[in-house]
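Working notes, structure below.
The values are calculated or read from the model by the stated rules, or taken from the named source; none is laboratory data. Bear in mind the structure is a predicted one, so any value in this text is a computation, not a measurement. When we count neighbours, we look across all protein chains shown, and the Cβ atoms used for this are built from the backbone with ideal geometry, even at glycine. Remember, those area values only see protein heavy atoms, side chains included, never the ligands or the DNA or RNA. Shrake-Rupley method; radii C 1.70, N 1.55, O 1.52, S 1.80 Å.
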Amino acid sequence: MAPPPVGAGDGLHPGLAEPRTKEDWFGYVFYEPPSRPLLPPYEVYLAMDEDDAERRRLNRSRNRYHSALVLAWTPAVRRFETEITELLAANEMAPPGARLGLLIDGPPTVGKSTLVKMIARKFEQELREDFPERFDPDRLGDYVPVVYISLTDQVTPKQISLAIARYLNVPTSGTKDTIDDRVLTALTACGTQLIIFDDLHFLDCSFKEGRASNDHIKFLANHAPCTIIGTGVDLENSPLLSEGGPAVPRRHSGRTRTPAPAAAGDVRTQTAGRFSRQELAPFALDSDDGILQWVGVIRSLERSLALYRHEEESLTRRHWRYLHERTDGSIAGLHALIRRSAVRAVQQGTEAITREVMDSIVLSYAHERAYAKVTELKSRRTARTAKQKRDDKRAAADGSA
Ligand SMILES: Nc1ncnc2c1ncn2[C@@H]1O[C@H](COP(=O)(O)OP(=O)(O)OP(=O)(O)O)[C@@H](O)[C@H]1O
Ligand SMILES: [Mg+2]
């Protein structure tokens, strides 16, 4: 692989913010999270003074390491990797027109952005290995196989083109037509194969702009020689997939969802004919397979801990159900809880993630609310069982009297 661009691995934050330019993206492709620090023997660590600079340095590097933790190649990530890789292969030399794209639809913080970036990063890393000549700095013009655009709220078609133009470093002056034209020329010149639109639900859905946004995505899908992947929340009800009345606000239950019936007068759009829509749901414990997947993710996070006294596999074997209740099966909640607990375990010197440490962490509002509901339900169930037992005892006593 070519050497990392300036900025990568220098201890700052390359690849941690959302990429907005191709240079940011290259930084992300080369970014390696902090490696696991080498821990001196526990006795040596304990013998270090609290104010010892060496101890401070060690704990700071452990915190940096735990704050990144590992990203898990979950079964869902693998499934979408296969899907996207197949789409890219099927579209590579396809004639212009209706190239098939993919919309990944899922509730907030289910891991959509992380997933598409992990997959696109791996895709580019493999291209860099297989075709080093394409990335030769002496090559005329940059080769940019991946364009990653994180949309901002109420984004209009022109803003989408502007965002691609900025990403590819082409001039952004002029009318929408001029910019569109430059963007298409640049995408072809840069050999872009994959365009990712993250947070597509930010497309302006107003009556006036909704149709235009839709037409614009269709325009890009037709004219850019690329595979387009979109992610978003409730895309099913976005004007991308159906016209006919305003978008219907729908809450994600977080579990496998059945498609909503089309609204009266619903017309499937031209983008609906170009994109498949697949769901990314939180982990559910309603099947053996679901449990195995959840336990597998916990195991991969737990194995990466750099703590002195953490009991091996204790989270995986003893606390998997608790972790599901705490986080509502969300990978974001799980990742945050383990990250925060690891930092606290170092800070407080417990050096282990225990139930006590995890109980002391306050997660996001949404996760705490979901957990409160579970605990309330459980305590009601316990009270009911206790009452039932008392009633049975009383009935038995009355019967024998
Ligand atoms: N595969 C993964 N392995 C480990 N942690 C993950 C993974 N995917 C997501 N996470 C954790 O979940 C957090 C939220 O993920 P992400 O931002 O990708 O979700 P999202 O679905 O894009 O959310 P939103 O809808 O709010 O944009 C990440 O910051 C990370 O901590
Ligand atoms: Mg996201």
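Going residue by residue through segment 108-122, is there one that turns out to be touching a Pro at 6+ places or on another chain (Cβ under 7 Å) and within 16 Å of ligand 2 (Cβ to nearest atom)? Yes, some residue in segment 108-122 is touching a Pro at 6+ places or on another chain (Cβ under 7 Å) and within 16 Å of ligand 2 (Cβ to nearest atom). Taken over segment 59-74, the criterion of being open to solvent by 60 Å² or more (accessible area, probe 1.4 Å) and within 11 Å of ligand 1 (Cβ to nearest atom) is satisfied by Ser67, Leu71, Trp73.
Each residue in segment 40-54 was checked for being open to solvent by 60 Å² or more (accessible area, probe 1.4 Å) and in a loop (DSSP other than H, G, I, E, B), and 4 pass. When segment 37-58 is filtered for residues that are closer than 24 Å to Ser304 by Cβ and touching a Lys or Arg at 6+ places or on another chain (Cβ under 9 Å), the ones remaining, listed by number, are Pro37, Leu39, Tyr42, Tyr45, Met48.
The sole residue among Leu103, Leu115, Leu140, Leu87 that is more than 12 Å from ligand 1 (Cβ to nearest atom) and surrounded by 21 or more Cβ atoms within 10 Å (Cβ to Cβ) is Leu103. Filtering segment 148-158 to residues that are farther than 11 Å from Glu124 by Cβ and either open to solvent by less than 70 Å² (accessible area, probe 1.4 Å) or within 16 Å of ligand 2 (Cβ to nearest atom) (or both) leaves Ile149, Ser150, Leu151, Thr152, Asp153, Val155, Thr156, Pro157. Of all residues in segment 54-85, those satisfying the criterion of being on the phi < 0 side of the Ramachandran plot, of a type in the set (A, V, I, L, M, F, W, C), modelled with pLDDT under 95 and away from ligand 2 (no atom under 16 Å from the Cβ) are Ala68, Val70, Ala72, Trp73.
Of note, Thr21 does not satisfy the criterion of being at pLDDT 90 or above, among the polar types (S, T, N, Q) and open to solvent by 50 Å² or more (accessible area, probe 1.4 Å). Can you find even one residue in segment 320-338 that is more than 22 Å from the chain's Cα centre (by Cα), touching a residue at least 12 places away in the same chain (Cβ under 8 Å) and closer than 30 Å to Asn59 by Cβ? Looking for residues that are more than 22 Å from the chain's Cα centre (by Cα), touching a residue at least 12 places away in the same chain (Cβ under 8 Å) and closer than 30 Å to Asn59 by Cβ, one finds at least one in segment 320-338, hence yes.
Considering Ala94, Ala186, Ala98, Ala165, the condition of being more than 16 Å from Lys22 (Cα to Cα), hydrophobic (A, V, I, L, M, F, W, C), open to solvent by less than 70 Å² (accessible area, probe 1.4 Å) and away from ligand 1 (no atom under 16 Å from the Cβ) is satisfied by Ala94 alone. Counting only helices (runs of 4 or more DSSP H) that sit completely within segment 290-401, those holding 3 or more residues that are farther than 20 Å from Gly111 by Cα and in the same structural domain as Leu39 (by TED's automatic domain parsing) correspond to 314-318, 331-348, 355-359.
Residues of segment 349-380 that are within 20 Å of Arg64 (Cα to Cα) and touching a Ser or Thr at 6+ places or on another chain (Cβ under 9 Å): Ala352, Ile353, Val357, Met358, Ile361, Leu363. Name the pairs whose Cβ atoms lie under 8 Å apart, with the first residue in segment 22-37 and polar (S, T, N, Q), the second in a helix (DSSP H, G or I), and 6 or more positions between them or separate chains? Partner pairs satisfying both residue conditions: Ser35/Tyr65.
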